[in-house]
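Throughout, read-outs are computed from the coordinates displayed, never taken from laboratory work. Just so it is clear, the structure is predicted and the values come from calculations on it, not from any experiment. When we count neighbours, we look across all protein chains shown, and the Cβ atoms used for this are built from the backbone with ideal geometry, even at glycine.
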Amino acid sequence: MKTALLLQAALTALLQCIEAAPAAAALSARAAWPDLPFKASGRDILSASGSKVVYAGVNWPGAADAMLPEGLQYSSVADIVGFIKSLGMNVVRLTFAIEMVDDIYDESPDQTLQATLVKALGEQNGTTVLSQILEHNPEFTANMTRLEVC
């Protein structure tokens with residue numbers, strides 16, 4: 001149950017980022033997303049107004065050694081999400097390693113952003129990447145957990 005609540009919180013945060021990101025002009029012509037509630041009709045998913053819902057999405061990998069969404073050392077979450085949204089995407093598959101959830105239950109000391117980067121990349125590289133991530137994402141701290149970053 002706790003795992004489901006954590007995942008729900010992470011997905012809610014990601015959706016908030018997507019909604020807060022700047023949209024391209026082409027997207028503004030579309031109906032407000034999401035036009036809830038959705039319902040099933042045969043093989044289709046329909047919006048509240050009866051339009052077919054078409055999912056267009058991307059993968060945002062985050063299950064590699066550091067178990068963080070990739071690219072955060074180069075750009076902010078808001079910029080990455082804004083770019084995804086500008087492409088007309090409305091779904092993000094954010095992959096993550098189940099070890100992140102296990103760490104919470106085990107109260108593992110390597111679940112902080114700083115500790116996981118040093119563990120995955122070594123002291124020098126981990127510290128460098130941490131500095132880059134914090135520079136591009138000032139809302140993050142070195143003591144945030146990996147799951148909070150996702």
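Packing-wise, with mean Cβ within 10 Å as the measure, how do 63-75, 95-107 rank, highest first? Provide the component values of the computation, followed by the final result.
Details: 63-75: 17.5, 95-107: 14.6.
Highest to lowest by the protection proxy: 63-75, 95-107.
Go ahead and run the numbers for FRET between Ser49 and Ser75, Cβ-Cβ distance against an R0 of 41 Å, rounding to 0.05.
My answer for the efficiency is 0.75.
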Original post:
Which value in nm describes the separation of the simple spin-label points at Ile98 and Ser131, placed 7 Å from the Cα toward the beta carbon?
Top reply: 3.8
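So if R0 is 35 Å, what FRET efficiency would Ala120 and Ala40 give, r being the distance between their Cβ atoms, rounded to the nearest 0.05?
Numbers: r = 41 Å, r/R0 = 1.18.
With R0 = 35 Å, the Cβ-Cβ based efficiency is 0.25.
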**OP:** Treat each spin label as a single point 7 Å out from the Cα along the C-beta direction, and report the Glu107 to Phe83 distance in nm.
**Re:** 4.0
